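To start, the structure under review is shown below, and the notes come after it.
The values are calculated or read from the model by the stated rules, or taken from the named source; none is laboratory data. Note that the structure is predicted; figures quoted are calculated from it, not measured. Note: ideal-geometry Cβ built from the backbone for every residue, glycine included; neighbour counts use all protein chains shown.
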Amino acid sequence: MANIDVFVPSTLEEAVAFLAHHGDRAIPIAGGTDVMIDTRIGRISPEWLVDLRALSGLSGIEYDANGFRIGALTRIRSIELDQGLRQRSTALVEAARVLGSVQVRTMATIGGNLCHATPSAEMPPALLVHHGIAEIAGPDGIRSIPLGQLFVGPGHTSLEPGEILVRVTCKAANPSSASSAGSCYLRQTVRWAMDLAGVGVAASIEVDEAKVVSGAKLALSAVAPVPLEVDVVSDMLVGKELTPQLTKEVGRVAAEACSPISDVRGTAEYRRQVVAALVPRALYIAWLRATQNWPVGKLAPINGVLSEEE
Amino acid sequence: MLVELKVNGFPYRREVAPDTTLLTYLREVLELTGTKWGCLTGDCGACTVLVDGEPVVSCLQLACQVSGHEVTTVEGLDTAGELNDLQAHFVSNGASQCGFCTPGMLMSAEALLRNNPDPSEAEVREALSGNLCRCTGYNKIVDAVLETAKARAMAVSAVPDLSGSSSSVGS
Amino acid sequence: MSETLLAEFQVIGQRLSKLDAPQKVTGRTVYADDMHIPGLLVGAILRSPHPHARIRSIDTTEAERLPGVAAVIHAGNVTQRRFGYGQDNIPLKTDKVRCIGDEVAAVAAVDDETAKRALELIKVDYEVLPGVFDPFEALSETAPVIHDERVDITGNISMRWDFDHGDVEAAAAEAAVIVEGDYSAPQAAPAPIETHVVIASFDPNGHLTVWSPVHMVFMYRKALADCLGLDWRRITIIQPPVGGSFGGKIDIEAHDFITVMLAQKAGRPVKLAMTREEEFIGARTRQPIHFHMRTGADAEGNLLFRDAEVVSDNGAYNAWGSHAMLVAMNTITSMYRVPNSRIRCAVVYTNKNYGGSVRGFGNPQATFAVEQQMEELADALGMDPMDLRLRNANQTGDITPQGLEITSCGLSECLEIVRRQSRWDERRGKMRQRNRGLGAAAYIHVGGGARIYGSDGCGAMIKIDDSGQVTLITGASEIGQGSETVLAMIVAEEMGVPVSAVAVINSNTDIKPWDVGVHASRTTFVAGNAARMAAKIARDRLLETASAVLGAPADQLRIRDGIVEVIGEPGRSMDYARIVRRRLLHEEGSVVMATAFYDPPTHNQDKEYVGNISASYGFGAHVAEVEVDPETGMVKLLNLWTAHDVGRALNPMTVEGQIEGGTAMGVGLALSEEIVFVDGRVAAPNFHDYGMPTAVDVPRIEVNLVETIDELGPYGAKGIGEGGIIPPPAAIANAIADATGIRPRAYPMRPWKVKHWIDTNERSYVIVSTDRSEKRESN
């Protein structure tokens, strides 16, 4: 890093104005876990870092009858440890607990994870299966877009100069309500911690009283330039009972829908195989949760293999 | 840029370049070289320190972002030349070989025990997974942390309970 | 260990904490990068971005003009000579670069920022040449020749390691079963958490001091002098505490010479600290080795022969890695009793970062092939692999085809222990439905030094001053393994004084006596024997004086807990420190001093690679249990049982530490660690992608210490620094085979490889002699 200055805005408006004025020369920083590496290795060379951490009102998790809202400055570690989220969106908690290390999760924010737009990022698929809506502040005020529209390509978002992601709003069943929903996030990695997802899979399932699927969503990471929502899952599952054959079929369709690359973390062909393997498991675990056949608050094994004990 | 930190209980005020990391502030400005670096990308955990009691990798932390906060480094664990219990268990278990990961490892372990006084072995391993150790294979580090937890629980349960409620912490 | 044996010793056998541990847990240990030296400049190296290119010109004008730059050096303005085996390397490259990371120029400046900017201002004009990155392609006649200046070799073959014993073809004709296959080991890194840091300073008299966390300091000093034309009597090497090495800090590397040249040019002390990226690109690695191997046995399971064609991927230059076959060869010829063996090995240059010495040195690679074939062979014979191993196990008294003299051997006992603990007989081959499997591997490794120089010795000096402090000045280095502690224990045991009375000095070449250095698991054995010899002499001198003072013959005296006493008469005693003062503090007095040099009774190998290079050999066995996810190829390592023949555990805690740490490194090799190259470029030079195991990737490692009490080792101890790392790749591969039925061919067994082997149904290749027809069999 050479001669980077730090600007500390005291209001959101000030931050937006500063970023709008400086364009590419200014980069927002929150936890810094991505920005600091990017500047050190020269991937970006801003003149200004705009420290958002002092901005009030952008941190915290709130619930209502329809779901939850997470401020962009909320730490990944807070998401991982949040008991309310654990019941409403186990997928999000499962995604949070495998992101980096405790130290990185203590620093990193959900806004930073989303805006860095890494194709293998953990948070996006978990939020996408909860109908995430991104709230964005900019020179012209606040606008909201479906979260999927935030991602344009590796490292690129649809944010305009001066725009800041401030919040993500998600749908989730209230644990005290009669409706039954469950979600799950699984991934494939080389190491069992401190690794990037070779493939990440998030699934959510809602069922009615007869255990018939009334809603289903599926999202993948690391298998396309952007986090990928597999919309067809809804058509394939809603109105049906979940069967192994059906989840396998969804896995097959998802594997076809994605467009992975070959790199040092595996070939494209391998990644499709992993999608086909993890999708049925994620759907099944989400369904077990929706149908109250899973211990409350218990997180799934990282790759979803439910091995029997000896 | 003026950065004010309370480090291990002592207040420091130093004028530094805005892009100074907490690691550089500690090692080069304050000459507290107990905190190590191994990668500068947040992958090894050797530079772990506590900010307001929570573990961070100081190589990725801008010093100015934590100005006004409390920082604890490995130099802040022992008091008046007496090792704290976690350090003592690291010594007695052989949990430190080359010692280069040890300061960061201690800080992660200390943070874990403050938040979770009775961790399982799996929880200890999970909490330390951001700290690479090449020497020990982790067995003895994990044992040192588990023994410290056990010793702290016994110390707590040995204190007469004045609240009237039963406090049965321990194994 | 029995009670009576324990009672023999005052100190030996205790689980004593490392003497340096309190310093380390308080952050007070001062490593090289923590040192403060007035006027210190920062050095930085300009490295080649091309894997193979001719250097047309270097222009440093602008860099030299940058304020704050004290020195800019390149091949054109320094005096340097070639170094490395075959003299194929030079610190600052002259005509050609041969790998990305090659050192082209360097600067010394007032700070990091200025140094980096100066590097950016250096203009190098390259003529890019075609590169070759695959060792098999490098063997082709049409491949680019990497060392065209070496007239002593043909093409890209840097050297050969060929060995013959007996008649392999005749043995193959006799064999009931032969297994044949390919096994590959990747490029891996020693990856200590501390990177290489070197500080060099010339005093006004021209005396050079180098602070560097290296551990073959006398070799290092000589290499510096040879390459830079310095008077080696005027060089001091000081070894600060080492933040891990694992072999990575044995070898002198180009950056060491460059730092000294920068200090010379700048006239100021210079520090060069490598970044983590530079560690992966420009520091030495573990040599990738590819084996095509055959092993044959008769119908009863007696091994008949082992036959290996080996290609060792040298990278761009010969560093220690070029000699990894030295150890790999021992394993191929001498792991189990093998009456006939043949090795044909080519060490081949490629345009990549090159191999150095890393813990285990060629042995994990060879064991991966040898020990997989043991289980493949057993399955083909319908035998239990443990029975096959026990039938062919090395035994005390054996002399192997390479002349290795096995003077103590706990191999069978180690195998029996891990067999029992893993419940092998009940579970191996019976858990495939649950995708679980057990696999084993054993090893042989030098445990009593390794004679690769004229001497394999180590010096020791002891002095006792008026306080009673006993100072051991040893040639051996502390690198985190605990040598200081164990040597202090040996001295305390031998002299009868408390360990707290013993100080160990070991870090300065001006002071300490000569030693080869820390490598080949030799320090406890060689430096331990030297320290023990010196301590015995010092004790005898002390007893001479005590004899006069206490009025009893020396042979009726003993020292226990620091008290010299007449045996059987507890009343007639005196503190040993008083005896020292009685000897010292009068006219014609003298201080107690003693020196010793221990060189093990071993031989260099001859041209046929025969010779007993080590005074003792270490053995061990591991069993791994895995669960494989056949759909993703992810492997969960569930359990690891280990048993090691350590001779005697002088300090069981530090011995366990060596085994556990080594084993975890082996787990990394097996499942995750690899430096991946794409067209000669390290794809991701960072810890994140490299894949060093974390605390959740390594299960609790069960350690069993088998004590065979070696005749020559200090109190019976053998070296154990490397043993742990050797079996895991083979044991885990065998466990994956047991869980899935497929045969792993290469490590690390990252998920996509395992998945690929499952999808392609990779199996053992077995030749059964009954009909002489070759057939592929499943295991």
* Structure fact -> Note on the stretch B:96-111: residues facing chain C (nearest Cβ under 8 Å) and in contact with a Lys or Arg (Cβ under 7 Å, 6 or more places away or on another chain) are B:S96, B:G99, B:F100, B:T102, B:P103
* To do: Please verify whether the stretch C:224-239 includes one or more residues that are of a type in the set (S, T, N, Q) and more than 25 Å from the chain's Cα centre (by Cα).
  => no
* To do: From A:P260, A:P225, A:P295, A:P280, grab the single residue that is outside any strand (DSSP E or B), surrounded by 15 or more Cβ atoms within 10 Å (Cβ to Cβ), more than 12 Å from chain C (Cβ to nearest Cβ) and not aliphatic (A, V, I, L, M).
  => A:P225
* Asked: Looking at the stretch C:668-769, what helices (runs of 4 or more DSSP H) fall wholly within it and have at least 2 residues that are of a type in the set (D, E, K, R)?
  -> C:751-759
* To do: Take the stretch B:136-148 and flag every residue that is out of contact with any strand residue (DSSP E or B) (no Cβ under 7 Å at 6 or more places or on another chain), part of a helix (DSSP H, G or I) and without any contact (Cβ under 8 Å) to a residue 60 or more places away in the chain.
  => B:K140, B:I141, B:V142, B:D143, B:A144, B:V145, B:L146, B:E147
* **Residue that is in contact with a Cys (Cβ under 8 Å, 6 or more places away or on another chain) and not assigned by TED's automatic domain parsing to the domain that holds A:V129, where the choices are A:L246, A:L237, A:L242, A:L220** => A:L220
* Asked: On the given criteria, is C:K24 among the basic types (K, R), farther than 21 Å from C:K93 by Cα, assigned to a helix (DSSP H, G or I) and within 14 Å of chain B (Cβ to nearest Cβ)?
  -> yes
* For the stretch C:624-643, does any single residue satisfy the condition of being closer than 19 Å to C:A450 by Cα and crowded, with 23+ Cβ neighbours inside 10 Å? -> no
* Asked: Taking helices (runs of 4 or more DSSP H) that fall entirely within the stretch C:372-484, which contain at least 3 residues that are within 27 Å of the chain's Cα centre (by Cα)?
  -> C:411-421
* Structure fact -> Among (1) at the interface with another protein chain (Cβ under 8 Å from one of its Cβ atoms); (2) over 17 Å from the mean Cα position of the chain (by Cα), B:V91 falls short only on (2)
* Got at least one residue in the stretch C:671-684 being surrounded by fewer than 24 Cβ atoms within 10 Å (Cβ to Cβ), within 13 Å of chain B (Cβ to nearest Cβ) and either under 26 Å from C:T285 (Cα atoms) or among the polar types (S, T, N, Q) (or both)? -> yes
* To do: Could you pull out every one of the helices (runs of 4 or more DSSP H) wholly within the stretch A:46-104 that has 3 or more residues that are crowded, with 22+ Cβ neighbours inside 10 Å?
  => A:76-81, A:90-97
* To do: Would you check if there is a residue in the stretch A:1-19 being assigned to a helix (DSSP H, G or I), touching a helix residue (DSSP H, G or I) at 6+ places or on another chain (Cβ under 8 Å) and on the phi < 0 side of the Ramachandran plot?
  => no
* To do: Output the residues belonging to the stretch A:98-112 that are under 12 Å from the mean Cα position of the chain (by Cα) and without any contact (Cβ under 8 Å) to a residue 40 or more places away in the chain.
  => A:L99
* Within the stretch C:358-381, is even one residue within 21 Å of C:K718 (Cα to Cα), buried (at least 24 other Cβ atoms within 10 Å of the Cβ) and among the small types (G, A, S)? -> yes
* To do: Scan (1) modelled with pLDDT of 95 or more; (2) outside the structural domain of A:D140 (by TED's automatic domain parsing); (3) under 26 Å from B:V49 (Cβ atoms) for the single condition A:S78 breaks and write down its number.
  => (2)
* Structure fact -> Filtering the stretch A:15-50 for residues that are under 19 Å from A:R77 (Cβ atoms) and of a type outside the set (V, I, T) leaves a count of 5
* To do: Name every residue in the stretch A:169-197 that is more than 14 Å from chain B (Cβ to nearest Cβ), in contact with a Ser or Thr (Cβ under 6 Å, 6 or more places away or on another chain) and in a loop (DSSP other than H, G, I, E, B), in order of residue number.
  => A:A172, A:A173, A:A197
* Asked: Across the stretch B:61-81, which residue is farthest from the other protein chains (Cβ to nearest Cβ) among those that are in a loop (DSSP other than H, G, I, E, B) and within 19 Å of C:D20 (Cα to Cα)?
  -> B:A80
* Pull up the stretch C:628-650, narrow it to residues that are among the charged types (D, E, K, R) and under 30 Å from A:R272 (Cβ atoms), then point me to the one that is farthest from the chain's Cα centre (by Cα). => C:E631
* List every residue pair whose Cβ atoms lie under 9 Å apart, where the two residues are 6 or more positions apart in sequence or sit on different chains, the first residue falls within the stretch C:90-101 and is not assigned by TED's automatic domain parsing to the domain that holds C:R681 and crowded, with 22+ Cβ neighbours inside 10 Å, and the second residue, located anywhere, is part of a strand (DSSP E or B) and basic (K, R). => C:V97/C:R47; C:V97/C:R54; C:I100/C:R47; C:I100/C:R681; C:G101/C:R47
* Structure fact -> Looking across the stretch C:753-765 at residues that are surrounded by fewer than 24 Cβ atoms within 10 Å (Cβ to Cβ) and touching a helix residue (DSSP H, G or I) at 6+ places or on another chain (Cβ under 7 Å), the single one that is nearest to the other protein chains (Cβ to nearest Cβ) is C:I758
* To do: Would you please list the contacts, defined by Cβ atoms under 7 Å and residues six or more apart or on different chains, that run from a residue in the stretch C:288-308 that is under 30 Å from C:V676 (Cβ atoms) and touching a residue at least 12 places away in the same chain (Cβ under 8 Å) to a residue that is in a strand (DSSP E or B) and of a type in the set (S, T, Y)?
  => C:I289/C:S312; C:H290/C:S184; C:F291/C:Y183; C:M293/C:Y183
* Return yes when B:D118 is over 16 Å from the mean Cα position of the chain (by Cα) and more than 7 Å from every other protein chain (Cβ to nearest Cβ) and no when it is not. => yes
* To do: Would you mind stating whether A:G71 is within 21 Å of A:G155 (Cβ to Cβ) and either under 18 Å from the mean Cα position of the chain (by Cα) or small (G, A, S) (or both)?
  => no
* Could you list all residues from the stretch C:150-165 that are in contact (Cβ under 8 Å) with a residue 60 or more places away in the chain and of a type outside the set (A, V, I, L, M, F, W, C)? => C:R150, C:D152, C:N156, C:S158, C:R160, C:D162, C:D164, C:H165
* To do: State which residue is farthest from the other protein chains (Cβ to nearest Cβ) when the search covers only the stretch B:36-60 and only residues that are of a type in the set (D, E, K, R) and over 22 Å from C:V30 (Cα atoms).
  => B:D52
* Within the stretch C:223-254, which residues are closer than 30 Å to C:G657 by Cβ and of a type in the set (G, A, S)? -> C:G243, C:G244, C:S245, C:G247, C:G248
